[in-house]
Structures are given as structure tokens and as C-alpha cells.
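Trainee: If you scroll down you'll find the structure; I have some questions about it.
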Amino acid sequence: MLIKNTAKSDLKESSLTSETHYIERRSLLKKLGIGLASIPFIPAAQAGLFDAFSSDADAPDNSGLLFQRTPLNYSSPPNYQALTPLTPEKKILQYNNFYEFGTGKGDPFEFAQQFKVDPWSLTIDGMVDKPITLNYEDLLKTFDIEERLYRMRCVEAWSMNIPWLGFPLAALLKSVSPTSSAKYVRFETLHDEEQMRGQASRRIGGGIDYPYVEALRLDEAMNPLTLLSVGLYGKTLAPQNGAPIRLVVPWKYGFKSIKSIVRITLTDKEPINTWKKIAHSEYGFYANVNPSVDHPRWSQATERFIGEGSVFAQKRKETLMFNGYADEVAHLYKNLDLKRNY
Ligand SMILES: Nc1nc2c(c(=O)[nH]1)N[C@H]1C(S)=C(S)[C@@H](COP(=O)(O)O)O[C@H]1N2
Ligand SMILES: [Mo]
């Protein structure tokens, strides 16, 4: 499977950052013939997750950081692409949407550090011949973990480039044998009011009826780009990014990429996803990134890319159809009016 880097601008922008060093280190290892699968990736900021960024004015106080992210073994697939610049790890860890922990961009980092992800239980059920429940160990060991560099475009018109670790959702779905009636895949986030302050309070949790639910058509779920992620930047996911396992659908707005999944259910009816339920005139089932279909309250033509420096001092760039993944996914929507099915 080929994951192409379609945006030439991404290549031009490469600057000398810790993130480009990350890429360079990888190609150096390749040249030396050292398999990445055999060496867990050790970050440049080995002394501590945030030490390398301590000079950055954006850095909040990390003294409350309790969650341990551990290096993961993974293989570099032949489709490795240079997507530069990558968003700095610190930004990916500290600028989040995870309303279960609060609606502020800094809330998930601040309030999710003690979130318990082990033990974990993920059940795959519904219209499948072989339903299964996986525990924390299974999630990290059952499937071959690979790295995928993907753009992420939030419906709020900001974006990141993220080096995910994970495995294709298709691999998991094949292992449970969907029946011929299965047409949709429904995902559900953990519901735990003791651990998630936003679930215990409607005010803190943005008025959402929890658990958070998302869904894909089965053919979207089976597309090779669709990833179940267990890590990023070479390490297991932090709670604020959806530990221990979350969905990543790079051609759709970020809200489709549901975090901390406990249940995946195959069904024959289109499930109602959380954001569509809250505001169906603003958020649809498909949520494909589309610069020509504006949100009722703002334009989707451009995005604020989050790179080095202050998250608000970033220059805007053009948003690409299907977030730049049209070659891989446009065929899924041949017969669909994308203005009506937003
Ligand atoms: N369960 C759950 N999943 C969620 C969300 C959420 O609030 N709850 N926010 C979504 C939104 S709007 C975005 S943009 C991405 C953000 O992922 P990140 O914080 O890892 O960048 O997660 C998505 N997944
Ligand atoms: Mo989002």
C-alpha cells in the first residue's frame, strides 16, 4: 500500500528542528542496515520528555506529569513518507481536544495524567462471527505496529503533522470476521465518571451525553489508511491523546478520530455519532475534510498549522481536499453529494 506525500509544500518547509532530527536519525539507521523493529525508538529528549523544549515560552508547568510513556517496538513500512515539518511532540501532548477531561485545549494534559489505562478492555462485537475482547497487553502485542506520518485537521481549522504508531483497523476487523450484513462500524470511548471529570459534570464536559461515540462505513473502516493508534513519537500514547488505543482517520476532521476506545460494534444501521447528535447542521456523519464546504460559522478553506513557536502565531495554509489523501479515498465517495453529506 502506498501512502503518498501529496502536498509538495510540506517538503519545502523542512527546517532544522528536533523533529527533522527524528527523521534523519531514522534514515541513518536505515542506511546502516539497522532494523527499526529491533531498536525501540529513543527520543532525542532522552533526559526527559519536556527538557528539550524548556526554552519554549509555550511550555506549561510539567510538575504534575505522572503518566509514563514507554518506547514501543515497531517496523518502518516501505511506504514511509517524509511529512515535514512534524508538529513538535510537546504540542501534540499539550494542545488537545478530549472533552472528557474538559473543553480547554490545555485541560486534557492537565487533568488526564492519572488516567488508568492498564488494565484495559476492548470488546469487538455485533455483526461478527468471532467476537473478541482484548486486554492492554493484547493491544500492544497482537498486531504488527508500524509508523504512519499523517496530517491531522481539526474541524476548528487548526492542523498538525503527527508520527503515529499503530496498525490498520482492517487487520483487527478481518480477525473477527464481519458478517455479510455488517455495513457500519461503531466506536465507543470509556465511560468512567470517577476518572473523567468532564463526564461527571455537564459544564466541564461541554454538555456532551457520554460515552463519546463515532462511526465509519465498513468500507471506510477497511481502507488501508484507517489506523488504530497505540502510540506516537515512538512511545505509547499519553492519556490526553487517547491512551491506550484510539482511532486515526486522516482524511476526516479530527472529531472522527475517537480516543480511549472500549468497544467496537459492527452493525447494519448508520450509528449516530456524538457531534452530529449535538449539532447536526454543523457536524455530519462523514466529516470528510473539504475546503469547499464551510462550517456554518467559519471557513474551511485554510488552516492554522501548529508547528514550532506559539500556537497562535502560525501562518495559515490551504486546506486540501480529503486532507491531501484524495488518491487513496476519493473513490469511496464517487456516488455521494459531498455538500449534502458533510
Ligand atoms: N473520546 C473523545 N475522542 C475525541 C475527542 C473527544 O473530545 N473525546 N475529540 C476529538 C477531536 S475534536 C480532535 S481534533 C481529536 C484531537 O486529538 P489529539 O488531541 O490527540 O490531537 O480527538 C478527537 N477524539
Ligand atoms: Mo477536532
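The values are calculated or read from the model by the stated rules, or taken from the named source; none is laboratory data. Note that the coordinates shown come from a computational prediction; the quantities given were computed from them, not determined experimentally. FYI the Cβ positions are ideal-geometry reconstructions off the backbone, even for glycines, and counts take in every protein chain you see. Heavy atoms of the whole protein, side chains included, go into the accessibility calculation; ligands, DNA and RNA do not. Shrake-Rupley method; radii C 1.70, N 1.55, O 1.52, S 1.80 Å.
Trainee: Restricting attention to segment 279-304, and to residues there that are within 27 Å of ILE208 (Cα to Cα) and of a type in the set (A, V, I, L, M, F, W, C), which single residue is most open to solvent (accessible area, probe 1.4 Å)?
Mentor: Only one residue fits best here, namely TRP298.
Trainee: Test of understanding: among LYS252, LYS276, which residue is modelled with pLDDT of 95 or more, crowded, with 21+ Cβ neighbours inside 10 Å and within 13 Å of ligand 2 (Cβ to nearest atom)?
Mentor: Unique residue meeting the criteria: LYS252.
Trainee: Then there's this: Could you figure out which of (1) open to solvent by 10 Å² or more (accessible area, probe 1.4 Å); (2) away from ligand 2 (no atom under 16 Å from the Cβ); (3) among the small types (Gly, Ala, Ser) isn't true of GLY166?
Mentor: (1)
Trainee: In addition: Cβ contacts < 6 Å: first residue in contact (Cβ under 8 Å) with a residue 40 or more places away in the chain, restricted to segment 189-207; second residue part of a loop (DSSP other than H, G, I, E, B) and among the small types (Gly, Ala, Ser), any location; separation 6+ or different chain. Result?
Mentor: THR189/SER260; LEU190/SER260; GLY198/GLY102; GLY198/GLY205; GLN199/GLY205; ILE204/GLY102
Trainee: Within segment 259-273, take every residue that is away from ligand 1 (no atom under 11 Å from the Cβ) and β-branched (Val, Ile, Thr) and give me the one that is least open to solvent (accessible area, probe 1.4 Å).
Mentor: ILE264
Trainee: May I pose another question? Looking at LEU225 and the list (1) farther than 19 Å from PRO271 by Cβ; (2) within 16 Å of ligand 2 (Cβ to nearest atom), which single condition is not satisfied?
Mentor: (2)
Trainee: What residue, among those in segment 318-328 that are in a helix (DSSP H, G or I) and closer than 17 Å to LEU149 by Cβ, is nearest to the chain's Cα centre (by Cα)?
Mentor: ASN323
Trainee: State all residues of segment 118-133 that are part of a loop (DSSP other than H, G, I, E, B) and free of Cβ contacts under 8 Å to residues at least 60 places away in the same chain; if no residue qualifies, say none.
Mentor: Passing the criteria: PRO119, ASP129, LYS130, PRO131.
Trainee: Suppose the filter is within 16 Å of ligand 2 (Cβ to nearest atom), closer than 22 Å to ARG263 by Cβ and under 12 Å from the mean Cα position of the chain (by Cα); does ASN161 pass it?
Mentor: no
Trainee: List the number of the failed condition for PHE305; all other conditions in (1) more than 20 Å from LEU86 (Cβ to Cβ); (2) in contact with a strand residue (DSSP E or B) (Cβ under 7 Å, 6 or more places away or on another chain) hold.
Mentor: If we test PHE305 against (1) more than 20 Å from LEU86 (Cβ to Cβ); (2) in contact with a strand residue (DSSP E or B) (Cβ under 7 Å, 6 or more places away or on another chain), just (1) comes out false.
Trainee: Also: Kindly indicate the residue of segment 230-246 that is among the small types (Gly, Ala, Ser) and over 14 Å from PHE98 (Cβ atoms) and also nearest to ligand 2 (Cβ to nearest atom) among those meeting that condition.
Mentor: GLY231
Trainee: Of (1) without any contact (Cβ under 8 Å) to a residue 24 or more places away in the chain; (2) more than 20 Å from the chain's Cα centre (by Cα), LYS141 satisfies all except one. Which?
Mentor: Every condition holds for LYS141 apart from (2).
Trainee: Filter the strands (runs of 3 or more DSSP E) completely within segment 155-258 down to those with at least 2 residues that are within 12 Å of ligand 1 (Cβ to nearest atom) and under 24 Å from VAL293 (Cβ atoms).
Mentor: 158-168, 213-217, 246-248
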